[in-house]
Amino acid sequence: MDLPGPIHDFLLVFLGSGLILGGLGVVLLTNPIYSAFSLGLVFVCISLFYIPSNSHFVAAAQLLIYVGAINVLIIFAVMFMNGSEYYNDFNLWTVGDGVTSVVCTSIFASLITTILDTSWYGIIWTTRSNQIIEQDLISNSNKLEFIYQQIFFFHLN
């Protein structure tokens, strides 16, 4: 899909923020139904990442398989469980939550310092060599889509 630069960047930022918010929702929400819906948001955002690279069949297949089957299965499994056990002993903050938040915050801080300390001057996205690499990645995703289509149509016959 040939999108102008600002629209492509906005789409990537929008889908990336959807991934981050959905992932945080999966981890932080205490209700498993809401957590499963957040997982569905993550699956949708991941499948939409394939559309700008012209892999529409892979995006549709991933959307059908992960959101349409796996996420629905998770939601049904959670709905069949007894929901009252999640709210009997509800503590707002436990020791495990504190340890986990300290570990995750330290990993996040080290990741940020690594990103800020990395020299990014060698990465130039507008040179000819990087356009060739980007074109190779797009052609590889198109090959993957062609293989998936062949497997799909072969199993239909």
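Per 10 Å bin from zero, what fraction in whole % of the C-alpha pairs of the stretch 1-74 is there, up to the bin with the longest pair?
Whole-percent P(r) values from 0 Å outward: 21, 44, 28, 7, 0.
Output wanted: per-residue J couplings in Hz (rounded whole) for the stretch 25-38, from phi through Karplus 6.51 cos²θ - 1.76 cosθ + 1.60, θ = phi - 60°, x for Gly and Pro.
Values, residue by residue: x, 4, 7, 8, 6, 7, 7, x, 5, 5, 5, 5, 5, 5 Hz.
Provide Y50, Y148, Y34 ordered by accessible surface of protein heavy atoms (probe 1.4 Å), highest first. Each step should come with its number before you reach the end.
Values: Y50 75, Y148 95, Y34 130 Å².
Of Y50, Y148, Y34, the descending order of accessible area is Y34, Y148, Y50.
What does the extension gain come out to for V27 and V78, with contour length at 0.36 nm per residue minus their alpha carbon separation? Write out the running numbers ahead of the final one.
On the way: separation 51, 0.36 × 51 = 18.36 nm, distance 1.55 nm.
Full extension from V27 to V78 adds 16.8 nm.
For the stretch 35-84, what percent of Cα pairs sit more than 14 Å apart? Spell out each step's value before the answer.
Numbers: 643 of 1225 pairs.
When all Cα pairs of the stretch 35-84 are counted, 52 percent exceed 14 Å.
Quick one: which of 104-113, 35-44, 22-31, 6-15 comes out on top by average Cβ neighbours within 10 Å, and what's the full order, highest first?
On the way: 104-113: 10.1, 35-44: 19.5, 22-31: 14.3, 6-15: 12.4.
Ranking the peptides 104-113, 35-44, 22-31, 6-15 by packing returns 35-44, 22-31, 6-15, 104-113.
The values are calculated or read from the model by the stated rules, or taken from the named source; none is laboratory data. Please read all numbers here as calculations on a predicted model, not as lab measurements. A quick note on method: Cβ atoms are made from the backbone with ideal geometry, for glycine too, and the neighbour counts reach across all protein chains shown. With ligands, DNA and RNA removed, areas are computed over all heavy atoms of the protein, side chains included. Shrake-Rupley method; radii C 1.70, N 1.55, O 1.52, S 1.80 Å.
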